[in-house]
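Below is one structure, written out as structure tokens; the observations come after it.
The values are calculated or read from the model by the stated rules, or taken from the named source; none is laboratory data. Keep in mind that this is a model prediction, so the values were computed, not measured. Cβ: placed from backbone, ideal geometry, glycine included. Neighbour counts: every protein chain shown.
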Amino acid sequence: MNLIKPLLLSFFALTSIASSARAQRSLDKIVAIIGRNRIILQSEVEGQIAQTISQDPTLDSGRARCSSLQQMIAQKMMMEQADRDSISVGDEDVEGQLDNRIRYFTSVYGSREKLEQVSGKTIYQLKDDYRDVIREQMMAQKVVEKVFENVKITPSEVEEFYSKIPKDSLPFFPAAVEVGQIVIDPPVSQEMLDHAHNTLEEIRNKIIEGRMTFEAAATFYSQDPGTRDQGGYMGDVPRTGMMVEAFSTAAFKLQNGEISPIVKTQFGYHIIQMVSRRGDVADMRHILIKPAVTTSDYNTAIHKLDSVRNLLVDGKMSFSEAVGKFSTDEGAKRTGGMITDPQTGAMDLDITKLDPVMVLLLDTLQPGGYSAPHVFVTDRQERSCRIVYLRSRTAPHKANLKDDYGKIQSVALEQKKQQKIQEWVTAKVPTFYLWIAPEYRDCREMKDWVTAGTAGN
């Protein structure tokens, strides 16, 4: 059974919050006790079953039922072990995790209001409901990390793992590419910078003088499409890790209701209104005015990229060196300019999932080749300039060690970790008190657990 996935996925399923809440009113029976005071309710198991089936639709209801309880007991054991080892998690870390998850689900549902509507609770109620859950999951995660501390996999183990896969079960991989880019944002003229600054200063004066509310001004003037329709509202913003430094520094100097002076970042000019602050997390609004970019500015960037491309083609500079020296995309510098999968971080990208414009561009390149400089639309839906580098291209094929060693290595390592966590749980069961309701004792995975656990302390 797969015990590792639920231990590594530390979040609540908001899609089932409403149904779980209703279930808890009618299904409040205790089905397991771990240690001295950790319990699992029938309602919690029902919620986990829904998640388990969504992750593996091939599971029948009986297996899903047993698997769900097994996973939940294993996680409770991790929490008990964290207590024994005096593992703690700071309040700021817990709040940061809660804020990250709220932001994620706000983006999934489109707005905080929609999230509250789906869950039937306010953001603050959601945080209160799941604060202890997140804390315990983070503690359990630290135990998992300790178990995995010395788990490594050798090339011979990868080869052995691959050799045991039936040839007719090997997955088929679509065409994939490794691709990078050097981005140079067009320089903006001082005239356009001054115009944007003066425009925002006039907007700020209107707000300060009471001729317009901050919310109305943001809706009418702001050039940030992500917040404009919400009156500039940005939701819960942590002091670090989300916004650029200049913005965060200015924002967290403000008192509730106060409006900042004009702040300059690489995105343009901002004014910020502090709505409310709770330590290192704050609700705030902002208005963004971007300096206009002229055709001449784009031509300047294209000309510079053309010079960079000549250095690359002539072998006078490596791609990663050019990224470090010339790219204005700070995020790209962390990956040496290579584009990564946002979900996995992998650099080999399924070509069918790339932007059609990028696919057409790559069709004109050979591995090791560089595109001509061109204007493109960024993830922020802004226009900038770049050259594209095709490091490698893999044709559609069945999995093999030559082309897919990294992928096979990752799967083999994951399996080794699963085995390690199963061994850890089996070894720890006798040291915990464990009671399981009779109707779950027919689960073969846990029959030995009951005998061993009740003999524990």
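Tell me, which residue of region 53-93 that is among the β-branched types (Val, Ile, Thr) and in contact (Cβ under 8 Å) with a residue 40 or more places away in the chain is nearest to residue 421 (Cα to Cα)?
73
Taking residue 46 as meeting all but one of (1) surrounded by fewer than 20 Cβ atoms within 10 Å (Cβ to Cβ); (2) modelled with pLDDT of 80 or more; (3) within 23 Å of residue 124 (Cβ to Cβ), write down the number of the exception.
Failing condition for residue 46: (3).
For region 229-267, give me each residue that is more than 14 Å from residue 281 (Cα to Cα), among the polar types (S, T, N, Q), assigned to a loop (DSSP other than H, G, I, E, B) and free of Cβ contacts under 8 Å to residues at least 24 places away in the same chain.
Result: 260, single match.
Does residue 45 satisfy the criteria of being under 18 Å from residue 142 (Cα atoms) and either among the hydroxyl-bearing types (Ser, Thr, Tyr) or touching a helix residue (DSSP H, G or I) at 6+ places or on another chain (Cβ under 9 Å) (or both)?
Spelling it out, it is not the case that residue 45 is under 18 Å from residue 142 (Cα atoms) and either among the hydroxyl-bearing types (Ser, Thr, Tyr) or touching a helix residue (DSSP H, G or I) at 6+ places or on another chain (Cβ under 9 Å) (or both).
How about region 200-228: which of its residues are free of Cβ contacts under 8 Å to residues at least 60 places away in the same chain and farther than 18 Å from residue 268 by Cβ?
205, 206, 208, 209, 210, 211, 212, 213, 216
Can you find, within region 221-240, the residue that is modelled with the highest pLDDT among those that are within 23 Å of the chain's Cα centre (by Cα) and more than 26 Å from residue 127 (Cα to Cα)?
Here the residue is 224.
Of all residues in region 268-319, count the ones that are touching a residue at least 24 places away in the same chain (Cβ under 8 Å) and assigned to a loop (DSSP other than H, G, I, E, B).
7
For residue 192, are the conditions met, namely being free of Cβ contacts under 8 Å to residues at least 12 places away in the same chain and either over 25 Å from residue 378 (Cα atoms) or surrounded by 14 or more Cβ atoms within 10 Å (Cβ to Cβ) (or both)?
The answer is no for residue 192.
For residue 278, all conditions in the list (1) buried (at least 16 other Cβ atoms within 10 Å of the Cβ); (2) under 30 Å from residue 94 (Cα atoms) hold save one; what is the number of the exception?
If we test residue 278 against (1) buried (at least 16 other Cβ atoms within 10 Å of the Cβ); (2) under 30 Å from residue 94 (Cα atoms), just (1) comes out false.
Name the residues in region 250-275 that are of a type in the set (S, T, N, Q), loosely packed, with under 13 Cβ neighbours inside 10 Å and farther than 17 Å from residue 213 by Cα, would you?
255, 266
Does residue 272 satisfy the condition of being more than 18 Å from residue 194 (Cβ to Cβ) and in contact with a helix residue (DSSP H, G or I) (Cβ under 8 Å, 6 or more places away or on another chain)?
yes
For region 94-173, please list each of the helices (runs of 4 or more DSSP H) lying entirely inside it that holds at least 3 residues being touching a residue at least 24 places away in the same chain (Cβ under 8 Å) and farther than 29 Å from residue 37 by Cα.
Per the criteria, 112-119, 155-163.
Residue 414 passes all but one of (1) in the same structural domain as residue 332 (by TED's automatic domain parsing); (2) closer than 30 Å to residue 70 by Cβ; which number fails?
Going through the list (1) in the same structural domain as residue 332 (by TED's automatic domain parsing); (2) closer than 30 Å to residue 70 by Cβ, residue 414 breaks only (1).
With respect to residue 168, is the statement that it is under 26 Å from residue 55 (Cβ atoms), among the acidic types (Asp, Glu) and crowded, with 16+ Cβ neighbours inside 10 Å true?
When the stated conditions are applied, residue 168 does not pass them.
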